[in-house]
Amino acid sequence: MRVRFVLLALFLLAGACTGSAARVVPSASPAPIPPSLSPSLSGGPPLYLDVVAATDPSKDGTDAANDQTYLDGMRLAVQALDDKGGVGGRPLQLRLHDDGGDLDRSTKAIGSLLDSGATAILYVGSGPALSPLRERFAQAGTPVVLLGGDLYTSRRMFPQVFQTTIPWEWQAKVIAKYLVTDRKAKDVVFVGSGPEASAAAASTGRWLEYWGGSLAGSYLTPPAGVSPPSKPASDADAAIVFGTPYDTHAELASLMSGAPRPRISGGESLLAPVEGFDQPPAGTTACYTYTWAGWAQPIRRVGDFTASFEASAGHPPDGLEQEGYDAIQALAYALDRDGLEGGRSLASALEGIHDTAFSGFPITLGPDDHLFLPRDELGLFAVPGPNERLDPWQSSLVEFWRPVMRTFTYDGQRDDILDQDRPVFFPGWRKNQPGPYYWESRYGIVSKPKDPLH
């Protein structure tokens, strides 16, 4: 089982007043999207894409819940592709391999797939599971798509890895800038879980210093060789949470169980709702692209994805389903162009994807760029206040997040949204004009830094 965050009240909250734990609510989550039942197509036997993940909720618990958001997106993509004739006329099928959320099992399962000549591998989990297989991947040439993990921040990417997760290095830059320059946080702590937490903490510290702040301490599970925190996490001005969706929600619940309560910020995993936890408190922020399906329905391609997902699953997407969907779509796109050859040819075809949008942000890959999502068009989503006006389409959602529009700018004032999407937010904007001011957007949070909540 992947490392679970341990709620050590003494560790996190020493010196804080006692308080009740966050209210736990029963799950109302609908069933996941079932596997595609599309009939066999006439072009030959199925094309199998092998997926290594925690797939059995009855045995894998929170690990399976963490991975389900990606698997739901994958299944929808397979369904959509098969409904349109498959890939090269052949139906596409996912072949699931349950790793139980255990890194060693993940490594062994992926190694076995390399030995069997898999066309492509999708792995949902922590990046370090891939590192021992680097030489074997180089020999086989098989591409692997990493979802939910990050090898970029630790500088351990290798040529066969394509990563859908936004590198923490990039997320930390956005989060640190907001906390230090916008919220004026002086004491910031890092609370992280899992094998990637140590590298993430180091990156966070560097970005806090870059923006003029400092890291007051890191609380890591499992413990790592870091400097002792200078104060309890609950006494900090702000806390940055890191880990899987379950881990980040557990960390947040622990930080919120006492007093005082720091401002909370985190990465993309905080956007995925988790059974048994309430939505984070108002003012909490999480980093992602503005094309996130949990909010961006007015963008046509995102709205189309949302409608398709809801028709299949019975509920709108509310986590990171787009990453699973786009991973399958990108592999299918590349397979179609490499003549279904797979291996090195498929990796080269993936590198040929340029400015191609499937469900969200356009994907551009290349020989030196194996990252699905961008570095520059990132910003923060925030949980709105209790009396805050929501955007028109949000009334049907279970959880609410809204983009803080001033974080989606290149200079703190003018937005850096793609030209093709700007008219959605700024109807009066015309091509070749400067980027409009963020406060002119008709959607999202457009308040200025004096806003006490955002």
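Values as computed for the structure displayed
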read-out	value
Solvent-accessible area per residue, Å², over the chain with all protein chains present [probe radius 1.4 Å]	40
Estimated dipole of the stretch 78-232 in Debye, rounded to 20 [Cβ of Lys and Arg +1, of Asp and Glu -1, Cα centre]	440
Phi to ³J(HN,Hα) by Karplus 6.51 cos²θ - 1.76 cosθ + 1.60 over the stretch 420-426, Hz, x for Gly, Pro	5, 9, 4, x, 4, 8, 10
Charge dipole magnitude, Cβ of K and R +1, D and E -1 - the stretch 194-290, Cα centre, debye nearest 20	240
Projected-area mean, the chain, by convex hull of Cα positions, square nanometres	20.8
Percent carbon-and-sulfur accessible area, the chain, ignoring ligands, DNA and RNA, probe 1.4 Å	52
For Pro452, net neighbour charge (Lys/Arg +1, Asp/Glu -1) across residues whose Cβ lies under 15 Å away	+3
Restricting the stretch 248-313 to trypsin sites (Lys or Arg not before Pro) in coil, as DSSP defines it, with at most 13 other Cβ within 10 Å	none
Local electrostatic count at Gly141 - Lys and Arg +1, Asp and Glu -1, tallied over other residues with Cβ under 11 Å	+1
Using alpha carbons only: equivalent-ellipsoid semi-axes of the stretch 119-199, gyration tensor based, whole Å	31, 12, 10
Within the chain, helix-based [θ] at 222 nm, where runs of 4 or more DSSP H residues each add -39,500 (n - 2.57), nearest 500	-8500 deg cm²/dmol
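The values are calculated or read from the model by the stated rules, or taken from the named source; none is laboratory data. Computed from a predicted model, the values in this text were never measured in an experiment. Counting neighbours? That spans all protein chains shown, and the Cβs are built from the backbone with ideal geometry, glycine included. Each accessible area value is taken on the protein alone, full model and side chains, heavy atoms only, with ligands, DNA and RNA left out. Shrake-Rupley method; radii C 1.70, N 1.55, O 1.52, S 1.80 Å.
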